[in-house]
Amino acid sequence: MIYLDHNATTPPSPKVREFIKNELADFWANASSEHALGAQLSDTIKQDRQIIADNLGVSTKGIVFTSGATESINSVLSDSNLEAHKITKIISSPLEHHATLDRLKYLAKRGFEVLMIPNDGNGQLDLEFLKTHATTNTLVTLLSANNEIGTINPIKEIAEISHQKGALIHVDAVQAWGKINFNLEDWDVDFASFSGHKIGALKGVGVLYAQNIKSYLPLLHGGGQERGYRPGTLNAAGIHSLALAVQDIDLDKMNEIEKLRDYMEEEILKIPGCLINAREGKRLPNTSSIYAGGRSSREILFELSRQGIYVSTGSACSSGSFEPSHVLKGITNDLSRMNGTIRVSLNSISSLEEVQKFTDLLSSAS
Ligand code: PLP
């Protein structure tokens, strides 16, 4: 098997794999129980929270564990939290993940003003639009890095502009975590969302970060866990796996992966008709959005899949529908590019041999 779809999900990191093999079955207690078993687990989670907060460059106060980024994003964009911050306008981009876009569709129907920042066809956002439209009572919500085309948004600059205009900023940092160097304090964002399984933790755990946690109003109400900011019995195994996955992050290795990705793209560009989407500008080191020269991306995906090579035609979360990906629609009007693009996303376990096998097969399939 050659797995080249790490932006959809990535296998357990080495420490998480060991945890699954040796410890997972012993992680069944309730961390809120007052007896020793609960207290021990609660201590472990306290340490895990510290490891995760340190990695993100913030104090533990702003860290709330959730079930994943979809929940975190929906919590930031919840009616209660928007109302608490007197938000009436939201500025985003058509290139966001569906967790944001579908929530925004709902909010627009509920009377919120929703504005979309245009891009230059290479996924680079028009920050003049942001400067013109951000005001007080605005929440800006943007990706740190795009899951399909890999483009990186200048979050620090976006946060500065937003704050100068009196707006708040939420970043969907799912794809940046573990792939590029960043620090939440340096970004100076009000909210951020993360998913554990994208960095090698178990599925069903994520993080919501709020810079000023006391002003955050939760989506859920219940047993008071997570200081009331996210009630519900703690997913102790998931949280522990997240702290382990964080310890396995290796950004130096990502530099090597970038070289491998660049080599792969050079090989792909030798295939007649093939193009790399949004290649200009800053991109994630592991992601490549490949126009395969005119053949349907689904056909190519199935052919590669039959040979044991796994890529995707767009965001995995939306690939149940055969519509071209909204991200490709957002950067091009060219139907052939929309229907003929596959995404390859590597991680630190990807090898030169795997990439060569993929480019050889793509070459014969195109
Ligand atoms: N945001 C981005 C950029 C993503 O890539 C994903 C998952 O693909 C999500 C949000 C949603 O994450 P999850 O499905 O883990 O909740």
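The values are calculated or read from the model by the stated rules, or taken from the named source; none is laboratory data. Remember, predicted model here, so these are calculated numbers, not experimental data. So basically every Cβ, Gly included, is an ideal-geometry build from the backbone, and we count neighbours across all protein chains shown.
Some points to look at:
- For segment 100-129, filtering for residues that are touching a residue at least 40 places away in the same chain (Cβ under 8 Å) and in contact with a Gly (Cβ under 9 Å, 6 or more places away or on another chain) leaves 4.
- No other residue among G178, G150, G166 is over 22 Å from N333 (Cα atoms) and under 12 Å from the mean Cα position of the chain (by Cα) apart from G178.
- Test set (1) surrounded by 22 or more Cβ atoms within 10 Å (Cβ to Cβ); (2) more than 16 Å from the ligand (Cβ to nearest atom); (3) aromatic (F, W, Y) - F112 fails condition number: (1)
- So S42, is it part of a helix (DSSP H, G or I), small (G, A, S) and surrounded by fewer than 20 Cβ atoms within 10 Å (Cβ to Cβ): yes
- I51 within 16 Å of the ligand (Cβ to nearest atom), assigned to a helix (DSSP H, G or I) and on the phi < 0 side of the Ramachandran plot: no
- Search result, residues across segment 315-353 that are assigned to a helix (DSSP H, G or I) and either within 24 Å of the chain's Cα centre (by Cα) or at pLDDT below 90 (or both): A316, C317, S318, H326, V327, L328, K329, G330, I331, R337, M338, N339
- Check on P94, closer than 17 Å to K198 by Cβ, surrounded by fewer than 16 Cβ atoms within 10 Å (Cβ to Cβ) and in contact (Cβ under 8 Å) with a residue 24 or more places away in the chain: no
- Count - residues of segment 196-227 that are among the basic types (K, R) and buried (at least 21 other Cβ atoms within 10 Å of the Cβ): 1
- Meets criteria (surrounded by 14 or more Cβ atoms within 10 Å (Cβ to Cβ) and within 27 Å of A69 (Cα to Cα)) for N277: yes
- Members of segment 59-78 that are within 11 Å of the ligand (Cβ to nearest atom), crowded, with 22+ Cβ neighbours inside 10 Å and among the hydroxyl-bearing types (S, T, Y): T66, S72
- Residue within segment 185-195 that is touching a helix residue (DSSP H, G or I) at 6+ places or on another chain (Cβ under 6 Å), in contact (Cβ under 8 Å) with a residue 24 or more places away in the chain and at positive phi present: yes
- Within segment 141-160, the set of residues being within 16 Å of the ligand (Cβ to nearest atom) and not polar (S, T, N, Q) comprises L142, L143, A145, E148, I149, G150, I152, I155, I158.
- Top-ranked residue of segment 165-182 - restricted to ones that are in a loop (DSSP other than H, G, I, E, B) and away from the ligand (no atom under 11 Å from the Cβ), ranked as surrounded by the fewest Cβ atoms within 10 Å (Cβ to Cβ): N181
- Residues in segment 119-164 that are surrounded by 23 or more Cβ atoms within 10 Å (Cβ to Cβ) and more than 18 Å from V189 (Cα to Cα): G123, N147, E148, I149, G150, T151.
- Search result, residues across segment 187-207 that are under 23 Å from L168 (Cβ atoms), within 13 Å of the ligand (Cβ to nearest atom) and either among the β-branched types (V, I, T) or in contact with a Pro (Cβ under 9 Å, 6 or more places away or on another chain) (or both): V207
- Of all the listed residues (A25, A69), the sole one being among the aliphatic types (A, V, I, L, M) and free of Cβ contacts under 8 Å to residues at least 40 places away in the same chain is A25.
- Here E226 meets each of (1) on the phi > 0 side of the Ramachandran plot; (2) within 16 Å of the ligand (Cβ to nearest atom); (3) more than 15 Å from the chain's Cα centre (by Cα) with one exception, condition (2).
- Among residues of segment 235-276, those that are more than 18 Å from the chain's Cα centre (by Cα), under 29 Å from P12 (Cα atoms) and part of a loop (DSSP other than H, G, I, E, B), counted: 1
- With a requirement of 1 or more residues that are closer than 26 Å to K282 by Cα and not small (G, A, S), the strands (runs of 3 or more DSSP E) lying completely within segment 57-156 that satisfy it span 89-92, 113-116, 138-143.
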